[in-house]
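The values are calculated or read from the model by the stated rules, or taken from the named source; none is laboratory data. Since this is a predicted model, take the numbers as computed values, not measurements. Cβ atoms come from the backbone with ideal geometry, glycine included; neighbour counts cover every protein chain shown.
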Amino acid sequence: MKNTLPKFLRRFTLLIGLLGVMFYSEDAFAQRKKKKDSKNTPAATTPPARPQNGGNNKGPKPYKDVITKDAKSKTGLFKVHEIDDKYFYEIPDSLFGRDMLMVTTIAKTADGIGYGGERTNTLMLRWEKEKDAVLLKVVSVDNYAADSLPIAKAVQNSNLEPILQRFDVKSKATDSTGTVIEATDLFAKDVQALGLQRNRRTQYRVQRLDGDRSYIVHINTYPINIEARYVLTYAAAEPPSNSSTGLITLEMNSSMVLLPKEPMMQRLADQRVGWFGRSYVDYGADAQKAESRRFLDRWRLEVKEEDMEKFKRGELVEPKKPIVYYIDPATPTKWVPYLKQGVEDWQKAFEAAGFKNAIIAKEAPSPEEDPTWSPEDARYSVIRYFASDIQNAYGPHVSDPRSGEIIESDIGWYHNVMNLLRNWYFIQTAAINPEARSVKFKDEVMGRLIRFVSAHEVGHTLGLPHNFASSNAYPVEKLRDPKFTAEMGTAPSIMDYARFNYIAQPEDEGVSLMPDVGPYDKYAIAWGYRPIPDAKTPEEELPTLDQWILAKKGDPVYRYGRQGNSYDPTTQSEDLGDNSMKASEYGIKNLKRIMPNLMEWTAEEDKPYKNFSDLEEMYGQVLGQFNRYMGHVRTHVGGVMEVYKATGQGEPVYTHNPKNLQKSAVAFLNEHLFKTPSWMMEEEIIARTGDFGALERIRGLQVGTLNGILEWGRLGRVIENEALNGNDAYKITELFDDLRKGIWTELPAGRSIDVHRRALQRAHIERLELLLTGEEPNVPAAFRRFVGPQINASQSDIRPMARGELKTLQRQIRSAIPRTSDTMSKLHLEDLAERIDQILDPK
């Protein structure tokens, strides 16, 4: 859905790529006069004129000699002329020096290289004239100072604009108000910023662009944008697919969009409200440092002048220009109404911002209705429908880097996202919901699920990121209440990964099963979009924006929690409710109801000839959902809650998870995971879905969770909690003791140890060995701000704890061997005793 590289890496990759292009460009026009030899060169000799037009001409030609009668010409932002395999841009003088955005995406891809629609680069550009040449420059917006300030000159001198490409002037427009260049090489040659990314070139050992297999498909021009579609073929030593060819072929699309002459006024970001945004270093700020300035990405919604008094009185008004989404004509007809409803579900959120009819969905016009309409036209935002087996949808947007104004958005909708929805809905609700007890839902059911995902993706295009604190806001028992869920939904925000209501039980008739655009979404949209008429600058808006946040202070419904905080039990993906142990207990009850019915619910009476692929897939979904529950519970151990605050609130941001919740989390795992979950070993299912691997699946679930608890960073947080909070903390000694008592329950009585427990106990010993002798994997310094500080294992309390735990187990195992009668269990314990001896005394 997004570029997953850290921001500084994206900048570094772009910089290296652009430097490479600069060196190429310098070679291209380094045809300079050589230093005269005073002895051999006559004084009267004049230097040759600088070659023009690729070295074949002495300057611009007459228009008719360049744009011949054979030209296929299109009118738009620039006139685009196609002559044979060459493309010419006719650039109006009025557009030189104007800011433009070049957005490059993969249109069609080789197997293993991203997906169609993936954005690979975004550049801000300016076209500039220099004598008989045109330069395409990359404009940096990372550093800024107002032109009126003396420091602006220093900022300019420190941010020389790279030249992406140089073009000879081929001709002047017939009315002398434009310049003609040949743009073919921009897309048909290897301009790295517009082609395969540098990291993938390295990964696949790309050697060069194969010019014979690279070409322009088409270049179309529209009123505010130019769309170039081109195929690039690279020679590569290790292509990800079709390796015998030694080639990688991609179809790329570069969209060049004209930005507004006057940027929209920024709205400054606040980490207490989740929002996509951008930032730059403001060297002109009244601060004794280079201060970062972050502002929101949002559509330009403005009140009409004649409606301003109505707006100030609190009446709803229509914006000057609404947000309009078109549905791709390629969309199957039966799904169109549901995609439209997902868009217009946001109407109620914009009403909270003071606007009515602010967001509208329309079907794309037919060729008969509007032959000029195209989904590539940047004037239109489109939900694009892709015939692909990718199980995903994504909601990007293109925004003005100067102001954050969203210019347009094309939501990507892959056909097979329906399979993902089916699996979620089946596994999370089939225990209480007859509509989900099938591998093929009724169209009305699937349509409602499509509407749900459509609304989520539209939320991204409006500026909202995932809010992973939302699903933690409601008490678990409230999610079983039909009246509460009808009013509040199952989470305050549709932007969480709350999915479907796995907490509801069969007796909870009428309870809601999925979230909707909720109270947090309405609050966030109002905070980001509601005009503040009296404020003339972004700074003047800040007191009002702060008051809107403080009005919701302390209410978990309006809290924002970022994605990716792996130690915060209140900001987790795929969870529900304010207590993971209670919620997961309800979820497991429902999985246990599904398992005995899985064969029946995955069979289709009218297709008795089918194989068991659906049964296998859904059985895997049961195991996966169970594993999610274990992950939700595990996060409580060593958990630290992050609740964003401003300095004026005088409250902490980080709080350690209470001791009772951490202790109950370990007790839950001991009971539901480390005690063999034999209910998942359904013989009838296993006999139809695989010849081997059932034991390994259960082992993987148990060991993965155990290793996640005994992980360096988590243990570091447990130790730090005790150092800060003393007896109020869940101590590392208590954690190790509770785990041992849960994993080794057979030892005191010498009971038989089943095959699952034997594997788990070996894994426990191996993890303790790693903690005793290993080191936390080193993370390069440049990445540490993304993963947090690392713990020094050799100087922490982790090694003594691991050694002490191994000694305790050594004594207990040796004591248990004589009273264990089961042969395999005895052999297992004897083996472990030897292993521990070797760990503690490797000599």
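Consider ALA833 carefully, then state whether it is surrounded by 12 or more Cβ atoms within 10 Å (Cβ to Cβ), among the small types (Gly, Ala, Ser) and in contact with an Asp or Glu (Cβ under 9 Å, 6 or more places away or on another chain). For ALA833, the condition - surrounded by 12 or more Cβ atoms within 10 Å (Cβ to Cβ), among the small types (Gly, Ala, Ser) and in contact with an Asp or Glu (Cβ under 9 Å, 6 or more places away or on another chain) - is not met. GLU651 meets all of the listed conditions (1) of a type outside the set (Ser, Thr, Tyr); (2) outside any loop (DSSP other than H, G, I, E, B); (3) within 29 Å of LYS553 (Cβ to Cβ) but one, namely (2).
Just checking, which of LYS310, LYS321 is in a helix (DSSP H, G or I), more than 23 Å from the chain's Cα centre (by Cα) and modelled with pLDDT of 95 or more?
After applying the criteria, what remains is LYS310.
The number of residues in the range 204-226 that are within 30 Å of the chain's Cα centre (by Cα) and basic (Lys, Arg) comes to 1. Return yes or no: is SER493 outside any helix (DSSP H, G or I), closer than 29 Å to GLY554 by Cβ and hydroxyl-bearing (Ser, Thr, Tyr)? Against the criterion (outside any helix (DSSP H, G or I), closer than 29 Å to GLY554 by Cβ and hydroxyl-bearing (Ser, Thr, Tyr)), SER493 qualifies. Quick one: is ASP410 surrounded by fewer than 18 Cβ atoms within 10 Å (Cβ to Cβ) and either closer than 30 Å to PRO263 by Cβ or modelled with pLDDT of 95 or more (or both)? In short, no. Report yes if HIS636 is within 30 Å of ARG714 (Cα to Cα) and either in a loop (DSSP other than H, G, I, E, B) or not assigned by TED's automatic domain parsing to the domain that holds ASN501 (or both), otherwise no. Criteria met by HIS636.
Residues that are touching a Gly at 6+ places or on another chain (Cβ under 9 Å) and not small (Gly, Ala, Ser): does the range 365-373 have at least one? No, the conditions are met nowhere in the range 365-373.
For the range 647-654, indicate whether the set of residues that are under 30 Å from ALA551 (Cβ atoms) and either β-branched (Val, Ile, Thr) or surrounded by 22 or more Cβ atoms within 10 Å (Cβ to Cβ) (or both) is non-empty.
Yes: the range 647-654 contains one or more residues that are under 30 Å from ALA551 (Cβ atoms) and either β-branched (Val, Ile, Thr) or surrounded by 22 or more Cβ atoms within 10 Å (Cβ to Cβ) (or both).
Annotation: of all residues in the range 549-599 being among the acidic types (Asp, Glu) and in contact (Cβ under 8 Å) with a residue 12 or more places away in the chain, the one that is nearest to GLU671 (Cα to Cα) is GLU585.
Among the residues of the range 204-217, those identified as in contact (Cβ under 8 Å) with a residue 24 or more places away in the chain and either of a type outside the set (Ser, Thr, Tyr) or surrounded by fewer than 18 Cβ atoms within 10 Å (Cβ to Cβ) (or both) are ARG205, VAL206, GLN207, ARG208, LEU209, ASP210, ARG213, TYR215, ILE216, VAL217. For ALA793, the conditions (1) surrounded by 17 or more Cβ atoms within 10 Å (Cβ to Cβ); (2) at pLDDT 95 or above are fulfilled apart from (2). Looking for something surrounded by fewer than 20 Cβ atoms within 10 Å (Cβ to Cβ) and without any contact (Cβ under 8 Å) to a residue 24 or more places away in the chain - is there at least one such residue anywhere in the range 123-131? There is at least one residue in the range 123-131 that is surrounded by fewer than 20 Cβ atoms within 10 Å (Cβ to Cβ) and without any contact (Cβ under 8 Å) to a residue 24 or more places away in the chain. Would you confirm whether any residue within the range 448-460 is part of a strand (DSSP E or B) and either at pLDDT below 90 or hydroxyl-bearing (Ser, Thr, Tyr) (or both)? No - not one qualifying residue is present in the range 448-460. Listed conditions (1) modelled with pLDDT under 95; (2) out of contact with any helix residue (DSSP H, G or I) (no Cβ under 8 Å at 6 or more places or on another chain); (3) of a type outside the set (Ser, Thr, Tyr) are all met by ASP85, apart from (2). Any chance the range 339-350 includes a residue that's under 21 Å from SER493 (Cα atoms), assigned to a strand (DSSP E or B) and touching a residue at least 60 places away in the same chain (Cβ under 8 Å)? Looking through the range 339-350, none of the residues is under 21 Å from SER493 (Cα atoms), assigned to a strand (DSSP E or B) and touching a residue at least 60 places away in the same chain (Cβ under 8 Å). Of the residues making up the range 158-166, one or more are at pLDDT 85 or above, under 27 Å from LEU247 (Cβ atoms) and among the hydrophobic types (A, V, I, L, M, F, W, C). Taking PHE386 as the residue in question, decide whether it is of a type in the set (A, V, I, L, M, F, W, C), over 21 Å from the mean Cα position of the chain (by Cα) and over 28 Å from TYR280 (Cβ atoms). In short, no. A search for C-beta distances below 6 Å between a residue of the range 247-268 that is within 15 Å of LEU125 (Cα to Cα) and any residue that is hydroxyl-bearing (Ser, Thr, Tyr) and outside any loop (DSSP other than H, G, I, E, B), counting only pairs 6+ apart in sequence or on different chains, returns SER254/THR104. Checked against the criteria, LEU724 counts as in contact (Cβ under 8 Å) with a residue 12 or more places away in the chain, part of a helix (DSSP H, G or I), farther than 25 Å from ASN597 by Cβ and not hydroxyl-bearing (Ser, Thr, Tyr). Exactly one residue among ASP606, ASP555 is out of contact with any His (no Cβ under 9 Å at 6 or more places or on another chain) and under 24 Å from MET488 (Cα atoms), and that residue is ASP555. With respect to ARG384, is the statement that it is part of a strand (DSSP E or B) and not small (Gly, Ala, Ser) true? So ARG384 passes the test.
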